[in-house]
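A quick write-up on the structure given underneath.
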Amino acid sequence: MTGCTGTTENGVLVWGQLPGATMPAQFTAPCGTTISAGAVTNNVLGRNQITSFTKGKPPAIRTGVNWGSSNSFTVSHPAPVHVGVKFWALYIDPLCNLSCVQTNLNNWLSWANAMLSREGAGIVLTASSTGLVTDKTGVANTKPKVRKYKNMKETQAYCGKRPISKLASLIKESNAFNVYIVQTVKDENARGTSCYQYDMAFVAHQSIWGTILHEIGHNLYLYHPDDSAVAPFFNAKNLMWSDSPDRDYLSEGQTFRMHFSQESALVKKFGFRELEKRDCLDEGTDDNKPCPKYEKFIWPDP
Ligand SMILES: [Zn+2]
């Protein structure tokens with residue numbers, strides 16, 4: 001992100017009403033730790049919320065704010081969320097053996113964390129304590145219930161609860177994003193597929209780094225901007241653009257959903273921010289627990 005010349009990017013989005021203005025009003029603050037929300041009046045249920053974004057930490061929410069004419073509010077951000085990642089190799093290309101795969105995925109982890117940090121996602125991905133990647137090609141070659149995932153034909157057929165639970169019962173780690181390296185997805189060797197609200201994703205063995213993180217983005221309940229009305233606000237460099245060689249930014253609306261959407265794996269699977277979760281279906285301002293729009297940017301992105 002750009003837009004801040006200091007070491008920290010801070011920005012707030014408040015739901016309130018400036019005299020004579022429409023809602024919601026957005027305020028950004030320069031580098032610093034205390035954010036002035038401005039003069040916001042008309043304290044109505046659901047409009048007395050501050051959402052704050054800062055680099056390196058998850059977004060913060062402060063509700064029940066009693067707006068005054070010159071109040072200043074301090075918001076506190078929780079520590080970064082650490083979540084494990086576990087790769088399961090159901091297929092290994094003879095041209096890149098297990099050691100080659102491990103090297104690539106270790107480099108991916110560094111790239112992914114640098115991107116998440118730069119974008120203020122407040123998420124740190126950590127290698128599973130059992131190793132970042134485990135070779136399961138033997139199981140994939142012998143067990144039919146696993147073998148059928150090696151070449152994913154149809155996304156829906158494998159992301160339904162029942163079939164995926166069979167794989168989960170055989171190869172899965174709890175409390176981690178499980179990424180299965182397969183030979184092909186929809187007959188392509190560099191494609192991924194994922195299941196919303198699950199902690200499981202699939203990437204074909206030649207998938208680029210952006211695709212791997214993109215599939216985890218789906219686990220965080222982020223959708224393709226180019227498949228919806230918000231497309232004009234994004235471009236192919238967004239992490240969730242459906243097909244891109246170079247994905248490297250998030251909107252603040254996306255960051256917010258990662259942490260607070262009740263369908264995000266962070267909430268639904270890993271139990272973070274349980275008390276602050278919300279449905280994010282109503283993006284308006286009359287909800288008790290409003291969400292920023294998906295296309296909300298506080299800082300411009302490429
Ligand atoms: Zn996708």
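The values are calculated or read from the model by the stated rules, or taken from the named source; none is laboratory data. Everything numeric here is computed off the predicted structure, so don't read it as measured data. Quick reminder, even Gly has a Cβ in these numbers, built from the backbone with ideal geometry, and neighbours come from all protein chains shown.
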All-but-one check, A229 against (1) within 11 Å of the ligand (Cβ to nearest atom); (2) aliphatic (A, V, I, L, M); (3) farther than 17 Å from E263 by Cβ, failing number (1)
Only residues that are within 15 Å of the ligand (Cβ to nearest atom) and modelled with pLDDT under 95: list them for the stretch 162-187, please.
V185, K186
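Restricting to the stretch 207-223, give me the number of residues that are in contact with a strand residue (DSSP E or B) (Cβ under 9 Å, 6 or more places away or on another chain) and more than 10 Å from the ligand (Cβ to nearest atom). Quick ask: steps written out before the conclusion?
The initial filter retains those residues of the stretch 207-223 that are in contact with a strand residue (DSSP E or B) (Cβ under 9 Å, 6 or more places away or on another chain), namely 207, 211-222.
Going one step further and asking which of them are more than 10 Å from the ligand (Cβ to nearest atom), we end up with 207, 212-213, 216, 219-221.
Matching residues across the stretch 207-223 total 7.
Given the options R257, R247, name the one that is in contact with a Leu (Cβ under 7 Å, 6 or more places away or on another chain) and either within 13 Å of the ligand (Cβ to nearest atom) or part of a loop (DSSP other than H, G, I, E, B) (or both). Spell out how you get there, then give the answer.
Working: R257 fails: either within 13 Å of the ligand (Cβ to nearest atom) or part of a loop (DSSP other than H, G, I, E, B) (or both).
Matching residue, one of R257, R247: R247.
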Residue count, the stretch 188-206 (criterion: among the polar types (S, T, N, Q) and near the ligand (Cβ under 10 Å from one of its atoms))
2
Given the criterion surrounded by fewer than 23 Cβ atoms within 10 Å (Cβ to Cβ) and touching a residue at least 24 places away in the same chain (Cβ under 8 Å), identify the matching residue among R278, R247.
R247
Subset of the stretch 258-268 [touching a Ser or Thr at 6+ places or on another chain (Cβ under 9 Å) and under 12 Å from Y196 (Cα atoms)]
M258, K268
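Which helices (runs of 4 or more DSSP H) does the stretch 94-199 wholly contain that include 3 or more residues that are touching a Cys at 6+ places or on another chain (Cβ under 9 Å)? Working first, answer last.
Numbers: elements: 98-118, 137-142, 144-147, 155-159, 161-170.
Where helices (runs of 4 or more DSSP H) fall fully within the stretch 94-199 and carry at least 3 residues being touching a Cys at 6+ places or on another chain (Cβ under 9 Å), they are 155-159.
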Say we look at the stretch 110-127 and pick out the residues that are surrounded by fewer than 18 Cβ atoms within 10 Å (Cβ to Cβ) and in contact (Cβ under 8 Å) with a residue 24 or more places away in the chain; which of these is nearest to L266 (Cα to Cα)?
V124
Across the stretch 199-231, which residue is farthest from the chain's Cα centre (by Cα) among those that are closer than 18 Å to L90 by Cβ and hydroxyl-bearing (S, T, Y)?
S207
Could you list, in sequence order, the residues of the stretch 209-234 that are assigned to a helix (DSSP H, G or I) and of a type in the set (S, T, Y)?
T211
